[in-house]
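Below is one structure; the comments refer to it alone.
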Amino acid sequence: MKPVKMITIDLDGTLLRSDGSVSDRTVRTLQAARDKGVVVAIATGRMYQTARPYGDRLDLGDSPLLLFAGGLIETLESKKILFQQAIPQQTAQELVDLAREKGWQMQTYIDDVLRTAKDDKWIRGYEEITHSKACICGDEFYRVQGDCNKLLSRGEHDDLVARKALIEERFPGQFNILFSMPTFLEIMPSGVDKGKGIRRLGELYGITADEIMALGDSQNDLDMLKAAGFPVAMANAVDEVKAVASYVTASNNDDGVAAAVEKFVL
């Protein structure tokens, strides 16, 4: 194992405990890694406004944020965009039209603004989980105003599985579609995933993939763990993530991130 020069960490189910908090131990451990010269980066499907508070909590300076599962790389404090790949406006419009036709809940992410059509249990639940604030736009939502960093649909898991299949049939090869949670169907541009994202981030900092430790728990972390030289799964991770990990650490509620970094980096 090469010395770790970069640590990339998923948020939900990994860095964050079930109550959405980050432990003092985890903060101290990641700051100690930073003090050793290790680049520490949050890698999430979230947008800037809902990832920034956790970057502030870690207090790592102008560290990079890998957002929208790798579709946007932006620095925490200076908000410098290092990379961006979005879904073209017309393609996003066609997908929103399909959602309206089928009666699906759908959300768009444009210029760090979360938009949806109506206030319902799905958007309220999303706001509660991610500590975000949505623009409830009514019919205006169905007129997409620009390129989208991602779209997201919420619903019961079996319904989302069917939606995913239909989207892939109607838009072959145009999206990378993953579950970040059983009720969260994330729709990103084709070619965008956390694995490509951490490789790109490494290149920006002169760090090779085999010098990266990646920590995650869910399906949308698989590509990231496969790309990293030292993949770490949380004890609460899904089985397919554990299967590609070099090490399974403690759960997100038991300081699993801190435990892995203390063991292999400090």
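Each value in this text was obtained by applying a stated rule to the coordinates, not by laboratory testing. It should be emphasised that the depicted structure is a prediction, and the values quoted were computed from it without experimental measurement. Glycine gets a Cβ as well: all are built from the backbone with ideal geometry, and neighbour counts include every protein chain shown.
Details
- Spin-label model distance (nm) - D62 vs K36, 7 Å beyond Cα toward Cβ: 2.6 nm
- The base-10 log of I(q)/I(0) for the range 1-104, evaluated at q = 0.12, 0.15, 0.23 Å⁻¹, reads -0.49, -0.69, -1.23 [Debye formula, identical scatterers on Cα atoms, solvent excluded].
- Relative contact order %, the chain, counting alpha carbon pairs below 8 Å whose residues are six or more apart: 21 percent
- Farthest towards the positive end of the charge dipole of the chain, among the residues L266, A165, S246, is the Cα of L266, using unit charges on the Cβ of Lys, Arg, Asp and Glu.
- This ranking places L166, L67 by how few other beta-carbon atoms lie within 10 Å of each, fewest first, which gives L166, L67.
- Dividing the convex hull volume of the alpha carbon atoms of the range 21-76 by its residue count gives 68 Å³ per residue.
- When K242, K5, K79 are arranged by Cβ crowding within 10 Å, least crowded first, meaning fewest neighbours, the order is K79, K242, K5.
- Three-way shape call for the range 152-266 based on the alpha-carbon gyration tensor, with the a/c threshold at 1.5: oblate
- 10 Å Cβ shell holding at most 13 others, DSSP loop, GluC sites (Glu not before Pro): longest site-free stretch of the chain: 157-266
- Enclosing the Cα atoms of the range 89-189 in their convex hull gives a volume equal to 89 cubic angstrom per residue.
- Helix 48-58 axis versus longest C-alpha principal axis of the chain: approximately 20°, rounded to the nearest ten.
- Distance violations [Cα-Cα > 29 Å] among K80/K242; K5/K196; K150/K242; K121/K196; K121/K150: K80/K242; K121/K196
- Taking the fewest neighbouring Cβ atoms within 10 Å as the starting point, the ordered list for M6, M213, M224, M181 is M181, M6, M213, M224.
- Mean projected area (nm²) of the alpha-carbon convex hull when the range 156-198 is viewed from all directions: 3.0 nm²
- Stretchable slack from D111 to Q49, in nm (0.36 nm times residue separation minus alpha-carbon distance): 21.3 nm
- Taking every alpha-carbon pair under 8 Å whose residues sit at least 6 apart, the range 93-144 reaches a relative contact order of 38 percent.
- Binned Cα-Cα distance frequencies in the chain - 10 Å width, integer %: 7, 32, 37, 19, 5, 0
- For the chain, adding -39500 (n - 2.57) for each run of n ≥ 4 DSSP H residues and dividing by the number of residues yields -10500 deg cm²/dmol at 222 nm.
- Highest-fluctuation residue, V40, V248, V113 considered, GNM on the chain with Cα pairs under 10 Å: V113
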